[in-house]
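Here's the structure we're looking at; comments come further down.
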Amino acid sequence: MASPNTAKRAKKQGKEPFDYSLMLIVLGLVVFGLVVLYSTSAYNGQVKFADKAYYLKKQFFATSLGLACMYAVSRIDYHKWERLAVLGYLMSIVLSTAVLFFGDEYNGSKRWLSLGPISFQPSEFAKVAVILLLASVISRRVRKMTSLWQMFLVMLVILPIVGLVGTNNLSTAIIIMGIAVILVFVASPKYFQFIGMGALGVGFLAIFLSVESYRLERLAIWRNPEEYEKGYQTLQGLYAIGSGGLFGVGYGNSMQKLGFVPEAQNDMIFSIVCEEFGLLGAIIVILLFLLLVWRLLIIAMHVTDLFGCMIAVGIMGHIMIQVILNIAVVTNTIPNTGITLPFISYGGTSVLFLLSEMGLALNVSRHVTYS
Amino acid sequence: MNPKCKTYNRKKIIVIFGCCFVALLVLVGRLVKLMVFESEYYQELADDLHERERSIKAARGKIIDASGNVLATNRTVCTISVVHSQIKDPETVIEVLCKELELPEDTVRKRVEKRSSIERVKTNVEKEVGDRIREYQLEGVKIDEDFKRYYPYGSLASKVLGFTGSDNQGIIGLEVVYDSYLQGMNGTILTLTDARGVEIADAGEERVEPVSGNDLYISLDYNIQLYAQQAALKALEQKQATYVSILVMNPQNGEIYACVNVPEFDLNDPFTLNTDMDTTGLSEQEKQDLLNQMWRNQSINDTYEPGSTFKVITAAAALEKGVVSLNDTFSCPGFRIVEDRKIRCHKVGGHGGETFVQGIMNSCNPVFIDIGQRVGVEDFYHYFQQFGLLSKTGVDLPGEAATIMHKVENIGAVELATISFGQSFQITPMQLATTISSIINGGTRVTPHFGVEIRDEEGNLLKTLQYEKREGVVSKETSETMRYLMEQVVAEGGGQKAYIEGYRIGGKTATSQTLPRGTNKYISSFVGFAPADDPRVLAIAIIHNPQGVYYGGTIAAPVVQDIFSNILPYLGIEKEEVVSDEET
């Protein structure tokens, strides 16, 4: 524990580094998210709860809590989390098990744990837990990471949570897997093993898809959403995107959010962003996310210890995977799967943990040395 | 204690970032494709989805008779539709619609479960049924009020008026011929709606008001039609006939006052057969054939052998050619030998010696064979043409049948003889009525018609319908002689049963066999007009396949007499003082 403290002291001699641009980008995304969320959810709130601001209020509450967490976490030395990583991971397994038994069902999936008026999505917590756990595990045994077997062991560690989350929420399980793969990839000096693993993954995916016919149907819907009833959501998203054109129909003027895109404030919110702000707006949002990822990259590249680096990479991977998959789904570039857009889609637990992760990243940024 | 970051770790982070950058670039490319190149396509699809174009049906013009009675008008009916996205309780919706609309469950289920913005379940639903469904307050069920054609007098003049289809288009009768005047222009409401089909309040709607159709005023008179229909129904029942056609028209201008063809059908339910026939087991085609049969206007769509009523035309031709005069004498031994055929007169023993006048009064076949021969094939044919007999009358109803006549080169002596007394060729009752009208009205070929005027909704005159008239069909003298001759037929000859005391009535009877011959089916007819010196109304009654007595003079003449005794006073034709010249 001595070395980080000395590093910290060394940095304190000059101006303590802190990634203000990361913070500004996050704040920008959060504000933009709330603004878009209000426009997108006002109709659904009015229809279901007779309150246009119903979703905004809940999201605003979660965001405020998240910002507080972000501030708090950014003040706590991230090395303290290393000791809690295993505990946090075990907790996420408990919570994810609990949700299987006591979870609230919504749209056919049990994903929420309720405690009075507050509901909580354990799978969001699982992402952070996995990032911290893997960062800790990898940084401890990095010298062994050259062997395929060790890489496999690392993956084995997260298998319980992937399995638990995956029973109800395949998309989140994929994200967790993705984060793990990125972390292992960065930790390992090898390249070719990963190419092999990639090939293996593709083969596995092909078998996985062909075993159950409904998965193949999903592929067919992806190719021709017009011809399937289940392609409705995808098609409505495409209508919204196409309607946007270059400059969009203007804030608040989306037609597709009026019940055509089902639950537009959730996974499909990007299509409404496209409709209201056009191609230009969509590209600006993508650029904001790219900048965010870039800042996380800068932090990961300049932090000296591997634990901090792995945390930054994990968070970067998390944001990256969700943004790419979400936009790919909304644009029907890949088959439909439910993935939210960070900071913008409606979801209290998601924004709370995302902001906490940002706090974590900001704290890591305090330990950066620029040479 | 903590291991440090290595260079290869940093390289790999850059690789990851590179992948991310490429992926986002691909997605931007995808967005450009969707939002620039395919934007129009999706925009259009989206607009289709958001826009609800509601058609506002235009009111179809009324059909109004000569006395101002409305014979065809509109009534409010409902169209029941379902909006898929608004339905909360599909099972209840299906149950209620099945019950109220009397539709099979799978039909309704298919409509209700179809994922479309709006699906029509049934049109032309009675307003009461629509109101009942509305009372259930089912979410996702829309009841739109609409117009439906309505005929207040049900079957009256059914084959003349015709009816319309569900798309407000005339199917038969005047509804077809005057469709362009009667049909209005449908209006539209274009609104934006949300996914539940709820109109968006501040989106503003584009509205194109419907334009009502124009009203058609016809010469047909409700009262005369009703009298004629009653008389026809009486004859139909008494004589157990297949059908009875009655035409009443103004011989001076061709206006038709009545056109009855019983049995008629219910215009408000034109797709149900008017017989109690069991149609189960019949193919769709067979059912349609039966309907088409029911809808036929026998006065116009069917031809028949006119028989002795045609002698009027033979006589007119002979008089016009000047080959016969009223006092010419003929002899009838009960038959004539024409080439190798023995053609019988209806009076087996023969009429003996008789004048031309008596020949007509007796409806003596040999007399007409003789004068037909005097006219000759060429001239006879020429007169047919001049009288307008070989072309269609041009009546303003669809499907008028053409005259079926021998070709001139095929008419030999036998054909000439049979034509002379109205056999071996076919014409429509309308053709006969029109041709006789021209002969008795002073020689003007008129176009029989129903349509008189087109007026707008407020009653402003838009158009007076014009019909062709051709003068000089026969000379005034011939016309006058023919009137005299036909008056004699009613006064003292075979048409006595059409006589009404105080009126001068002209007429001619006929009894012809139906084709093919040998079935012992007859067509009994009478054509009459009044007053004989200045014809203002002409009526023709045709009884198809009467049972029992089938002579025209016995069964058809009383029908016209019955009608005339009712309608002559109605038409303002005064009785004259009875001048009894029978004593002379």
Built amide H within the under 5 Å cut-off of B:CYS332, gap 5+: B:HIS351, B:GLY352, B:GLY353, B:GLU354
query: B:LEU25 versus B:ASN186, label points 7 Å from Cα toward the beta carbon: distance in nm?
result: 5.4
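Other chains near B:36-43: what is the mean number of their Cβ atoms within 10 Å of each residue's Cβ? If you can, show how the numbers build up before the last one.
Working: counts 5, 1, 3, 8, 3, 3, 11, 6.
Partner Cβ neighbours, averaged per residue: 5.
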- request: Take every Cα-Cα distance within segment B:154-279, group them into 5 Å bins from 0 onward, and report for each bin the whole-number percent of pairs it holds.
  value: 2, 9, 13, 15, 14, 11, 8, 7, 6, 4, 4, 4, 2, 0, 0
query: How large is ³J(HN,Hα), in whole Hz, for each residue of segment B:367-384 in order, when computed from phi with the Karplus curve 6.51 cos²θ - 1.76 cosθ + 1.60 and θ = phi - 60°, using x for Gly and Pro?
result: 4, 6, 4, 5, 6, x, 5, 5, 5, x, 4, 4, 5, 4, 4, 4, 5, 4
field: Distance between segment A:152-199 and segment B:39-74 - C-alpha centres, whole angstrom
entry: 62
- line: Label model pair A:ALA53, B:THR280: point-to-point distance (7 angstrom along the Cα→beta-carbon line) in nm is 6.8
- prompt: Once label points are set 7 Å from the Cα along Cα→Cβ at both B:GLN238 and B:GLN547, what is their separation, rounded to one decimal in nm?
  reply: 1.6
field: Paired Rg and Dmax values of segment B:299-570, which use every Cα atom, in angstrom
entry: 18.4, 68
query: Using Cα-only point scatterers and the Debye equation, what is log10 of I(q)/I(0) for segment B:439-522 at each q in 0.12, 0.16, 0.19 Å⁻¹, rounded to two decimals?
result: -0.67, -0.87, -0.93
message: Below 8 Å between Cα atoms, with a sequence gap of 6+, how large is the relative contact order for chain B in percent?
response: 13
- request: Please grab the % of Cα pairs in segment B:259-378 that end up more than 21 Å from each other.
  value: 56
task: Give me the net charge of B:ASN292's neighbourhood, meaning all other residues with Cβ under 13 Å from the Cβ of B:ASN292; Lys, Arg count +1, Asp, Glu -1.
output: -1
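Can you give the % of DSSP beta bridges in the protein assembly as shown that are antiparallel, to the nearest 5?
Values: 85 of 88 bridges.
So the antiparallel bridges in the protein assembly as shown amount to around 95 percent.
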task: Step through the table entries B:LYS62/B:LYS392; B:LYS148/B:LYS392; B:LYS159/B:LYS287; B:LYS476/B:LYS508, compare each Cα-Cα distance with 22 Å, and write down the pairs that go over it.
output: B:LYS62/B:LYS392; B:LYS148/B:LYS392
Model label zone, A:SER119; criterion: amide N under 13 Å from point 7 Å along Cα-to-beta-carbon; scope segment A:341-359: A:347-350
- request: Give me the number: length gained by fully extending A:VAL31 to A:GLN193, i.e. 0.36 nm times residue separation minus the C-alpha to C-alpha distance, one decimal in nm.
  value: 54.1 nm
- request: Taking the Cα centre of segment B:251-320 as origin, work out the dipole magnitude from +1 charges on Lys and Arg Cβ and -1 charges on Asp and Glu Cβ, in debye rounded to 20.
  value: 340
task: Read phi for every residue in segment B:216-224 and hand back ³J(HN,Hα) as whole Hz from Karplus 6.51 cos²θ - 1.76 cosθ + 1.60, θ = phi - 60°, with x for Gly and Pro.
output: 9, 9, 10, 7, 4, 10, 3, 5, 5
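Grab the other residues whose beta carbon is less than 10 angstrom from that of B:ILE172, score K and R as +1, D and E as -1, and report the net.
Numbers: positive: B:LYS159, B:ARG296; negative: B:GLU175.
Within the 10 Å Cβ shell, the charges total +1.
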message: Given the options A:TYR78, A:VAL285, A:GLN322, identify the residue whose Cα lies farthest towards the positive end of the charge dipole of chain A (+1 on Cβ of Lys, Arg; -1 on Cβ of Asp, Glu).
response: A:TYR78
task: Among B:GLN385, B:ALA46, B:VAL473, flag the residue with its Cα farthest along the positive direction of the charge dipole of chain B, charges on Cβ as +1 for Lys/Arg and -1 for Asp/Glu.
output: B:ALA46
- request: Pop the C-beta distance of A:LEU159 and B:GLU95 into the FRET formula with R0 = 60 Å and round what comes out to the nearest 0.05.
  value: 0.75
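Per the Kirkwood formula on distinct C-alpha pairs, the Rh of segment A:17-365 is how many angstrom?
20.9
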statement: In whole angstrom, the spacing between the Cα centers of segment A:119-138 and segment A:49-91 equals 13
- request: Within 10 Å of each Cβ in peptide B:16-23, how many partner chain Cβ atoms are there on average? Round it to a whole number, please.
  value: 6
field: For the protein assembly as shown, alpha-carbon Rg relative to the globular expectation (2.2 N^0.38 Å, N residues)
entry: 1.58
- request: Putting +1 on Lys and Arg Cβ atoms and -1 on Asp and Glu Cβ atoms, find which of B:ASN327, A:SER136, A:MET177 reaches farthest to the positive end of the dipole of the protein assembly as shown.
  value: A:SER136
Cβ-derived FRET efficiency at R0 45 Å, A:LEU90 paired with B:LYS110, nearest 0.05: 0.25
- line: With x for Gly and Pro, the residue-by-residue ³J(HN,Hα) of segment B:136-150, computed from phi through the Karplus equation 6.51 cos²θ - 1.76 cosθ + 1.60 at θ = phi - 60° and given in whole Hz, is 5, 6, 7, 6, x, 10, 10, 10, 9, 8, 8, 9, 10, 5, 9
- prompt: Are there chymotrypsin sites (Phe, Trp or Tyr not before Pro) in segment B:217-308 that DSSP puts in a loop and that have at most 14 other Cβ atoms within 10 Å, and which ones?
  reply: B:PHE271
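Given the DSSP H assignment, sum -39500 (n - 2.57) over each helix run of at least 4 residues in the protein assembly as shown and divide by its residue total; what's the result at 222 nm in deg cm²/dmol, nearest 500?
Values: 32 runs with 469 residues, N = 955.
Taking each H run of at least 4 residues, the total per residue is -16000 deg cm²/dmol.
Could you size up the charge dipole of segment B:1-124 around its Cα centre, putting +1 on the beta carbon of Lys and Arg and -1 on that of Asp and Glu, and report it in debye to the nearest 20? Can you show the working numbers first?
On the way: 22 positive and 17 negative charges, 217 e Å.
Taking the Cα centre of segment B:1-124 as origin, the dipole is about 1040 debye.
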- prompt: Taking amide H positions as placed 1.01 Å from N in the peptide plane, with prolines and chain starts having none, which residues 5 or more places from B:ALA532, or on another chain, fall under 5 Å of its amide H?
  reply: B:ARG504, B:ILE505, B:GLY506
- prompt: Where does segment B:329-484 land on Rg/Rh, using Cα atoms and the Kirkwood Rh?
  reply: 1.08
Size of charge dipole - the protein assembly as shown - debye, nearest 20, with Cβ of Lys, Arg +1 and Asp, Glu -1, no other charges: 7980
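Which ordering of B:ILE454, B:ILE13, A:ILE284 is given by a fewest-first count of other beta-carbon atoms within 10 Å? Before the final figure, lay out each step's value.
Values: B:ILE454 20, B:ILE13 24, A:ILE284 13.
Ordered from fewest to most neighbouring Cβ atoms within 10 Å, B:ILE454, B:ILE13, A:ILE284 come out as A:ILE284, B:ILE454, B:ILE13.
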query: Computed FRET efficiency, Cβ-Cβ of B:PHE271 and B:GLU480, R0 56 Å: what is it to the nearest 0.05?
result: 0.65
statement: Along principal axes, largest first, the alpha-carbon spread of chain B in whole Å comes out as 151, 50, 48
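Throughout, read-outs are computed from the coordinates displayed, never taken from laboratory work. The structure displayed is predicted, hence computed values, not measured ones. Positions of Cβ are backbone-derived with ideal geometry, glycine not excepted, and every protein chain shown enters the neighbour counts.
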